[in-house]
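Okay, so here's the structure we're looking at.
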Amino acid sequence: MNEAPFVETRTDLLARAQTLLSTEPGFGRFLRLVVEATDPEDLKTRSAGMLEALFRKSYSRLGKRELANHKIYFMPAEGPGHPEIVEIFSADMPFIVDSVLAAVRAHGGTIRFLAHPILQFDPQTYRVLDMPQPGSRHESFLHIQIDPLASDAAREALIAEINAVLTDVGRVVAGWRPMLERVREIIQHWHDHPPKAPPQAVAEAMHFLGWLAEHNFTFLGMREYRLEGSTLEPIPDSGVGILEDRKVKFLRSGTDYVEMTPQHVAFLREPEPLLVTKANTRARVHRRSHMDYIGVKLYGDLGEVTGELRILGLFTSMALATPHTEVPIVRRKISEVMHRASLDPAGHAGKALMNALDSYPRDELFQIDEDLLYEFATTIATLPDRPRVRVLSRIDRFDNFVSILVYVPRDRYDSDVRARVGDYLAEMYDGRVSAYYPSFPEGDLVRVHFIIGRTAGATPRPKREELEDAVDELTLGFAEKLAALTDDQELIEPYRHAFAASYQARNTPEQALADIAIINGLPDDAAIALKLGRTDEGPGLRVYHRGAPIPLSARVPMLENFGFRVIDESTYTVTPEGIGETFVHDMSLEAAAGVDLADDTRSANVERGILAVWQGAAESDGLNQLVARAALLWQDVALLRALTKYLKQVGIAYSRDYLISVLAGHPEVATALVVLFHALNDPKFSGDRKAAADKARQVLDAALQATASLDEDRIIRRY
C-alpha cells in the first residue's frame, strides 16, 4: 500500500454514492453504508476510484449465501504492497466483529482496514434498501484487509478458524434465550423443592444465578449431566450454544480432555450447591480468554442431587465493575471474612481488611474458599503499613492451573522483575505462565496476578516461605544486592545510585564491589587504573579514569601494541556521591595464541606495562607484545628496546619494525636475552650466574638451529 494518503476519499465516495442513487440505487446505498461504517483514517489509504471498484466486487457477492449459513470470501494480495482481503456475509448477529477480529489476530493477521455495515437487503431483487420491506432481511457485511499471511497453510487455517468462530456465534445467539430460561427454571425448582443443602448457601446461589441472567454473564454454552452412581453422564441433546456440539469438551485431566474428573466426585459430595472456576479452553466468541465454568447441582423433588448443569461463558464488563459487596456469593464470602476477623469496621485494622477485600481480583473471589480468602486477605491488609514481598498461591481444584498473587515494593518492580518472577513460579509449579495482570494500587506496593498453567500430574506444593524468600531475592534492586555483599555500608553508601541501568544490565553486584575498590583508589583526575581479567567470552580489560572518558583512539593502538585486538567496548559512567564522575571502559579483547591471562602474574605484568605506557615511563611499540607473550616485565622490554635502538645506531641493515617483529615472534629468544643480560650484568642477580647464562645460551642456540630464515638468524645473532 504505497499510495500517498487520499485525504478527501470519504467525501468523494459519499458524493459518488449520492450520484449513483439515480442510476444504480442498490449499489449507491451499499457504497454509502460501507463508507459510513469505515474509519476515515482507513479510507485515506486508497483513492475513491480504487475503493469503488473494490466494493463493486463486494456488492456482486451479496445474496449468494444460503439463509442459514454464512459465506466467507478470501482474496489474495494483488501484488507487493497490497493487502489480502477477507469478506464475510451473514445474518446480523451480536459478537460477529469482535469474534472474527480476535480470530484474525490469533492467526497472526495484522488488520489494516475494517468496514462493517448492516444492510437492509431484499433477497428477491438483490437490492440494498433504505427502509425495511416485506420479505427483506438484515445482512451483516464484514470487510477486512490484512497484511499478507506467510503461507497458503496459514490462509487455510485462518479461513477454517473464521468458519468455526461464526458457527459458534450462530449457536450462542440461537441458544441465548433457552439458556436463560433453563437458569430461571432451576431457580424456580430450588424454590419449589428446596435442595438438601445449607439454606443460606442455597439462597445465595439462587441470587447468584438470577444475577448472572441480568446481563452480568455472557452465556456461551450449557449442557446437562445425569448422576449415574458416582459418575456424571451427559444427557443426550441437552447441549445448547457451543456445547450443542457433543464433541466439545472443556475440562482437562492431565493432557486429555474429559467429561468427568475425580474432583467432580468430590464436588458432588460437598454441601455447596454450585462451583465457579475456569474452563481449560478459551472462548472463540466475544473475546479470547479462558471461559468461566459454573457448575450447578441439579436436585430431585426430594432435594437429592441428581446431576449437574454446566454453564460456560464470560462475566461481562458490567459484572466486573459491580462492587464486590453487591455480587452474590462474593458478598457472602466477604461478610464471613469480616465476621471471622472480629475487627471494628471503623478502626484502622478493619478498614485495612475491607480495603484488601475490595481490591481482591473478582475472578479469584468467585473461586477461592473462605478459609484461604481469610488467610490471604488478613495478610494483604498488613502490607500498606509494612510493604514487603508476599506470594499467595491458590491451586485450582482440578490441578489445571495455579493462581498466584505476588506483592512487591513498587521501587523494586519493572517488567524484567515481572518476567524473572514469572519464570521462577512456572518452574516451581511445573507449568508455564499463561497470563499475568499487573496492578498498581495507591501506596508503595505493586501486585501481579500470575496464572501458571499446568498440563499433567499433581501440582507441586512449595512452602510459601520458600517462594517469598526466592521472590524477595529476585526483586532486590542492584543497590540492595550490592549492600548485602559487605558489612561496610559506609563504603557502599555513595554508590547506591551511582551505577546506571546500562551498567547494571551487564555487570553483577560482585563486579560493582570490585570496581568500587578500584575507583576509591584513584588519587586524582589524571590517574588511571586497570584490571585485566578473563570472562566466559574471553579476556577483558577495564580501564578506570575520572574527569573525562578516554577516547578509543588513545586506547586501541596502545592495546594492539601489547598484542590484543579490541572486539567490543562499553563505557559506563559511574557517579558516586561526593567523588564525581568516573568512567569505566570495559573492553573485550582477543589475545594472541598461547597467551593465558588466567595466569595472575602475567596479567599483573600486563597491567603494569599498560600503566607505564600511559604514564610515559615506557614507549608504545610492538615490543610490548612480549609483556603478555613472554611474561616479561615492562622494564625488561625496555631493555630489549634499548638493544634494538643500539643495533640501529651501529648500522644494522634491517628496519626497526622488522627487528621488533622478529623479537615479538620469538618470545623464547626475548626471554633468553633478558636472562642472559641479567646473569651477566645485574649486580643484584641471585642464583648461579654461570648456570643461568649457559641455559640462556642453549635456548638461543636452539632458536638459531630452528630458524629457517637467514635474516632472522642474523638478527638473533646480532642481539
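The values are calculated or read from the model by the stated rules, or taken from the named source; none is laboratory data. Quick caveat: nothing in here was measured; it's all calculated off a predicted structure. Ideal geometry is used to build each Cβ from the backbone, glycine not excepted, and the neighbour counts take in all protein chains shown. All accessible areas refer to the heavy atoms of the entire protein, side chains included, with ligands and DNA or RNA removed. Shrake-Rupley method; radii C 1.70, N 1.55, O 1.52, S 1.80 Å.
Some points to look at:
- Only one entry of 616, 687 meets the criterion of being on the phi > 0 side of the Ramachandran plot and either over 58 Å from the mean Cα position of the chain (by Cα) or among the polar types (S, T, N, Q) (or both), and that entry is 687.
- All positions within segment 593-603 that are free of Cβ contacts under 8 Å to residues at least 60 places away in the same chain and either open to solvent by less than 30 Å² (accessible area, probe 1.4 Å) or of a type in the set (D, E, K, R) (or both): 595, 596, 599, 600, 602
So that you can scan it fast, the table gives a plain yes or no per residue for (1) within 30 Å of residue 421 (Cα to Cα); (2) under 33 Å from the mean Cα position of the chain (by Cα); (3) aromatic (Phe, Trp, Tyr):
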position	(1), (2), (3)
478	yes, yes, yes
484	yes, yes, no
490	no, no, no
525	no, no, no
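- Residues in segment 464-518 that are touching a residue at least 24 places away in the same chain (Cβ under 8 Å), hydrophobic (A, V, I, L, M, F, W, C) and assigned to a helix (DSSP H, G or I): 467, 470, 471, 474, 478, 482, 491, 492, 512, 513, 516, 518.
Here is a yes/no grid of residues against (1) in contact with a helix residue (DSSP H, G or I) (Cβ under 6 Å, 6 or more places away or on another chain); (2) assigned to a loop (DSSP other than H, G, I, E, B); (3) open to solvent by 60 Å² or more (accessible area, probe 1.4 Å):
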{"site": "420", "(1), (2), (3)": "yes, no, yes"}
{"site": "427", "(1), (2), (3)": "no, no, yes"}
{"site": "435", "(1), (2), (3)": "no, no, no"}
{"site": "447", "(1), (2), (3)": "no, no, no"}
{"site": "457", "(1), (2), (3)": "no, yes, no"}
{"site": "462", "(1), (2), (3)": "yes, yes, no"}
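- Looking only at segment 94-140, and only at residues there that are open to solvent by 60 Å² or more (accessible area, probe 1.4 Å) and out of contact with any helix residue (DSSP H, G or I) (no Cβ under 9 Å at 6 or more places or on another chain), the one that is farthest from residue 84 (Cα to Cα): 134
- Among the residues of this structure, residue 703 counts as one that is part of a helix (DSSP H, G or I), out of contact with any Lys or Arg (no Cβ under 8 Å at 6 or more places or on another chain), open to solvent by less than 50 Å² (accessible area, probe 1.4 Å) and modelled with pLDDT under 90.
- Segment 617-637, residues that are at pLDDT 90 or above and open to solvent by 20 Å² or more (accessible area, probe 1.4 Å): 617, 619, 620, 625, 633, 634, 635, 636
- Every residue from segment 267-286 that is free of Cβ contacts under 8 Å to residues at least 12 places away in the same chain and farther than 21 Å from residue 431 by Cα: 269, 270
- Qualifying positions in segment 259-285 - under 28 Å from residue 303 (Cα atoms), open to solvent by 30 Å² or more (accessible area, probe 1.4 Å) and under 32 Å from the mean Cα position of the chain (by Cα): 278
- Positions within segment 95-110 being under 22 Å from residue 152 (Cα atoms) and assigned to a helix (DSSP H, G or I), in sequence order: 100, 101, 102, 103, 104, 105, 106
- Test for residue 448: is it in contact (Cβ under 8 Å) with a residue 60 or more places away in the chain, out of contact with any Cys (no Cβ under 7 Å at 6 or more places or on another chain) and β-branched (Val, Ile, Thr): no
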